[in-house]
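Engineer: Starting off with a structure, shown below.
Every read-out reported here was derived from the displayed coordinates using simple, explicitly stated rules and does not represent laboratory data. No experiment lies behind these values; they were computed from the predicted model shown. In this analysis, Cβ positions are derived from the backbone assuming ideal geometry, glycine residues included, and neighbour counts consider all displayed protein chains.
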Amino acid sequence: MWWRSLIAVFLVLHGIVFTFLDPESWLVDEGRGLFIALGIAAAAALTIGAILLVARHSSWRLFLATGAAVSLAQLILFFEPGLFVGVGIDVAILAVIAWTYRGEGERRKVAGVSPA
């Protein structure tokens with residue numbers, strides 16, 4: 001479906017955008033290297049998760065949750081008011097993953113399949 005591709009592009013862009021920023025950390029001194037490392041890790045996990053989402057592979061949730069969690073940690077460590085939108089996006093990603101996982105469990109119960 002076209003909406004999966006649109007969501008995938010958004011997720012990739014969300015992951016990549018933070019590798020180009022240069023905020024100051026309120027918690028870590030001289031944290032530019034840490035910011036870049038977390039940004040690359042988040043971008044890689046979100047990109048892999050987006051590809052798996054489009055491919056309808058079952059492990060898309062794992063990669064998107066990892067990417068969102070790393071991105072959220074990055075945004076908390078290097079918080080600036082302008083990055084507040086990114087926090088909301090990460091929380092929304094985690095909420096959708098929890099919601100879809102719960103829905104999958106309900107579908108398995110209805111189908112009579114025991115969760116593995």
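Engineer: Mind sorting ASP90, ASP22 by how few other Cβ atoms lie within 10 Å of their own Cβ, fewest first?
Structural biologist: ASP22, ASP90
Engineer: Once amide H atoms are placed 1.01 Å from N in the peptide plane, what residues at a sequence separation of 5 or more from PHE79, or on another chain, have their amide H within under 5 Å of its amide H?
Structural biologist: TRP26
Engineer: From the backbone phi of the stretch 64-76, what are the Karplus-calculated ³J(HN,Hα) couplings (6.51 cos²θ - 1.76 cosθ + 1.60, θ = phi - 60°) in whole Hz, Gly and Pro given as x?
Structural biologist: 5, 5, 5, x, 5, 5, 5, 4, 5, 4, 4, 5, 6
Engineer: Something else now. Which of these values of Rg/Rh (Cα atoms, Kirkwood Rh) was calculated from the structure shown: [x] 1.06; [y] 1.18; [z] 0.98?
Structural biologist: [x]
Engineer: Please arrange LEU64, LEU46, LEU77 by how many other C-beta atoms lie within 10 Å of their C-beta, fewest to most.
Structural biologist: LEU77, LEU64, LEU46
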